[in-house]
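These notes concern the structure reproduced below.
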């Protein structure tokens, strides 16, 4: 007797035929930018650990000390008994670091965005979303039940027209600050100007800019000069803490009244167990380190790797079969085209002991499968040279065939 459950075998076969099945690998840290991947030592250009803090001894020591003091679990939601001393102190540190009035700490970035948006808007309201926004922003907009207006990537004229035409009383513009698959940066000042003109709120997801962009790594909003006395109550600034910060979780910061409303109404905050104090305490060490000479040195090392990679792959910035997207951030996309070709390049690099992930639909638009090269302060000049040499060799052998 057949069952609808039998459909999943065919669905998985279809993923295989389209070169879209994803595969997990067992990973353990090695030295520098290297990882042991399924037992093989590989030079990794796949991690969002942009400052190389995930294995930093000072952060590990802080986590160990916190575990001795507070244990390893929060025990309940933040509004019951999970809001520990460490979590409260971290929120103060984060608000001071990004120079905004107040911050709210979440256990995960995906949970933050999918909860924040429905807490701000609902049926009868309007959300305006960049076409290349991260999935958590897209899903948060869908969950809100507000009308969704998807504008072409970075097209401020289209966004302006959509805002002008909307009759919704409450309007929310949502966008990545640094786009996760291309590495380009949103025009935050222009976005804010549109929000000011049309009585809209701007939710900025700076997952890939926090810790890297702006003075002392304070983020893309600081880089745009829109913090401190220049901060606007129309901006909610969200960032994750498992990338450049090296640990886990996320936060949203902004006007104190807005943050209080989110605390009172965000379901993914109210009904979820709080992040453990062990992680919060480790994050306090991370935020402190970012503001030291060591933090600045790590950002300088990352910037040097960015410049070196762009110079080494400059031949792909013109009319080559592969296209390197313009980026001044840690993320660099080498667009290959088909899923099969992107996987072939990934495999070619793996055979040389280099791990760069192939990113395919639905993460990116069809026909734009790519290698997503993520740079870190741990990458040496030799590491980047190794990658550039391998990609140039593969482009000659694979494109010619």
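Annotations
- Some residue of region 24-31 being modelled with pLDDT under 95, loosely packed, with under 14 Cβ neighbours inside 10 Å, more than 30 Å from residue 276 (Cα to Cα) and assigned by TED's automatic domain parsing to the domain that holds residue 332: no
- Here residue 344 qualifies as in contact with a helix residue (DSSP H, G or I) (Cβ under 9 Å, 6 or more places away or on another chain) and farther than 30 Å from residue 210 by Cα.
- Filter result for residue 92 (touching a strand residue (DSSP E or B) at 6+ places or on another chain (Cβ under 9 Å), without any contact (Cβ under 8 Å) to a residue 60 or more places away in the chain, more than 19 Å from residue 242 (Cβ to Cβ) and assigned by TED's automatic domain parsing to the domain that holds residue 333): no
- Residue within region 150-164 that is crowded, with 16+ Cβ neighbours inside 10 Å, more than 25 Å from the chain's Cα centre (by Cα) and within 23 Å of residue 253 (Cα to Cα) present: no
- Among (1) under 18 Å from residue 160 (Cβ atoms); (2) touching a helix residue (DSSP H, G or I) at 6+ places or on another chain (Cβ under 9 Å); (3) surrounded by fewer than 22 Cβ atoms within 10 Å (Cβ to Cβ), the one test that residue 225 misses: (1)
- Any hit, region 297-304, residues being more than 29 Å from residue 100 (Cβ to Cβ), at pLDDT 95 or above and surrounded by fewer than 23 Cβ atoms within 10 Å (Cβ to Cβ): yes
- Region 361-385: number of residues that are more than 24 Å from residue 211 (Cα to Cα), touching a helix residue (DSSP H, G or I) at 6+ places or on another chain (Cβ under 7 Å) and surrounded by fewer than 23 Cβ atoms within 10 Å (Cβ to Cβ): 0
- All of 334, 349 fail the test of being part of a strand (DSSP E or B), touching a helix residue (DSSP H, G or I) at 6+ places or on another chain (Cβ under 9 Å) and either on the phi > 0 side of the Ramachandran plot or free of Cβ contacts under 8 Å to residues at least 60 places away in the same chain (or both), apart from 334.
- Test: residue in region 184-195 that is touching a residue at least 60 places away in the same chain (Cβ under 8 Å) and either surrounded by fewer than 23 Cβ atoms within 10 Å (Cβ to Cβ) or within 21 Å of the chain's Cα centre (by Cα) (or both): yes
- All conditions but one from (1) more than 23 Å from the chain's Cα centre (by Cα); (2) closer than 19 Å to residue 298 by Cα; (3) surrounded by 16 or more Cβ atoms within 10 Å (Cβ to Cβ) apply to residue 19; the one that does not is (2).
- Taken over region 262-273, the criterion of being surrounded by 13 or more Cβ atoms within 10 Å (Cβ to Cβ) and either modelled with pLDDT under 95 or part of a helix (DSSP H, G or I) (or both) is satisfied by 262, 263, 265, 267, 268, 269, 270.
The values are calculated or read from the model by the stated rules, or taken from the named source; none is laboratory data. On a predicted model such as this, the values are computed, not experimentally measured, just so you know. Heads up, the Cβs are rebuilt from the backbone with ideal geometry, glycines too, and the neighbour counts pull from every protein chain shown.
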